[in-house]
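Down below is the structure, laid out as structure tokens.
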Amino acid sequence: MTPQHHGSVFHPRRDKDGQPFLIHKPSEASPLEAWHDPKAVACVLPDGAMPAVVNGIPIQSWTNRPASDTDWLALAAAHAIEEPPFGVPAGYRAAAGVVVRETCGRVWVVAPSNAFGGYEVTFPKGTVEEGMTTQATALVEAWEESGLRFRLLKHLVDVKRSQSYTRYYLAERIGGNPADMGWESQAVMLAPEHQLPKLLNSPNDRPILEALGHA
């Protein structure tokens, strides 16, 4: 990322309108050694350096990822999981996201660019667009916000948030590179589960932590 005035930087990816996106208070990357320390919070910035392997899984860009909604739907359908009915309360938008716990006990979280929506750190999630399923949405939003490829394992919890009613899935990482995060994220982190209550600043994420503790 290119340094700008007052410490601000431009995200290497352009926003949804194709415009340069300015990060006002950039996050700080961790040393590479943190990725191999289960007690450490590891953090990478867009296009930042990553080790070749984390917890036995190669860190490699997902070059053959789905290129359309149809492709994302097909990917989700090929590995579909059973889940309960999803009823969205009146006045809320449907959304879907993922919670991914590594074999070392740490959990993947993202830092939304410029703390969008008031979230300094949270789990990857996004709105379910017309024609998409919650499972396909969870996969595509997780990729866009974290640069990682996940496989859904099971339904975790449904949560009311500020404007959405979000279905979260427990998932496992099977590939990707967090340094490939899209413009909506200014950092991707791998954090010990016991540190998540300090990192996740929104009360909307508390029910997710409770569900994760019983997963």
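Hey, among the residues in the stretch 68-95 that are among the hydroxyl-bearing types (S, T, Y) and over 14 Å from T134 (Cβ atoms), which one's surrounded by the most Cβ atoms within 10 Å (Cβ to Cβ)? I'd like the intermediate steps shown before the answer.
Within the stretch 68-95, the first condition is being among the hydroxyl-bearing types (S, T, Y), and the residues that meet it are 68, 70, 92.
Applying the additional criterion that residues be over 14 Å from T134 (Cβ atoms) yields 68, 70.
On the way: S68: 8, T70: 11.
It comes out as T70.
With the checklist (1) at negative phi; (2) at pLDDT 95 or above; (3) not basic (K, R) in hand, flag the one item P3 doesn't pass.
Checking P3 against (1) at negative phi; (2) at pLDDT 95 or above; (3) not basic (K, R), the one that fails is (2).
Only residues that are exposed (fewer than 13 other Cβ atoms within 10 Å of the Cβ) and within 19 Å of the chain's Cα centre (by Cα): list them for the stretch 31-52, please.
If the condition is that a residue be exposed (fewer than 13 other Cβ atoms within 10 Å of the Cβ) and within 19 Å of the chain's Cα centre (by Cα), then A49 is the only one that fits.
Here's a check for you: in the stretch 179-215, which residue that is in contact with a Ser or Thr (Cβ under 7 Å, 6 or more places away or on another chain), outside any strand (DSSP E or B) and not charged (D, E, K, R) is surrounded by the fewest Cβ atoms within 10 Å (Cβ to Cβ)?
S202
For the stretch 135-178, enumerate the residues that are among the β-branched types (V, I, T), part of a strand (DSSP E or B) and within 28 Å of H11 (Cα to Cα).
T166, I174
Residues of the stretch 124-148 being touching a residue at least 12 places away in the same chain (Cβ under 8 Å) and either acidic (D, E) or touching a Cys at 6+ places or on another chain (Cβ under 7 Å) (or both), which ones?
Once the filter is applied, which keeps residues that are touching a residue at least 12 places away in the same chain (Cβ under 8 Å) and either acidic (D, E) or touching a Cys at 6+ places or on another chain (Cβ under 7 Å) (or both), the stretch 124-148 yields E129, E141, E144, E145.
Quick one: would you say W72 is of a type outside the set (D, E, K, R), over 20 Å from V188 (Cα atoms) and in contact with a Pro (Cβ under 6 Å, 6 or more places away or on another chain)?
yes
Residues of the stretch 93-110 being within 16 Å of I208 (Cβ to Cβ) and basic (K, R), which ones?
R101, R106
Considering the stretch 6-21 alone, what residues qualify as being more than 14 Å from P112 (Cα to Cα), assigned to a loop (DSSP other than H, G, I, E, B) and in contact with a strand residue (DSSP E or B) (Cβ under 7 Å, 6 or more places away or on another chain)?
Once the filter is applied, which keeps residues that are more than 14 Å from P112 (Cα to Cα), assigned to a loop (DSSP other than H, G, I, E, B) and in contact with a strand residue (DSSP E or B) (Cβ under 7 Å, 6 or more places away or on another chain), the stretch 6-21 yields S8, P20.
List the number of the failed condition for R151; all other conditions in (1) within 21 Å of P203 (Cα to Cα); (2) modelled with pLDDT of 95 or more hold.
R151 satisfies all of (1) within 21 Å of P203 (Cα to Cα); (2) modelled with pLDDT of 95 or more except (1).
The values are calculated or read from the model by the stated rules, or taken from the named source; none is laboratory data. All values derive from a computational prediction rather than experimental measurement. Reconstructed Cβ throughout: ideal geometry from the backbone, glycine too, with neighbour counts over all protein chains shown.
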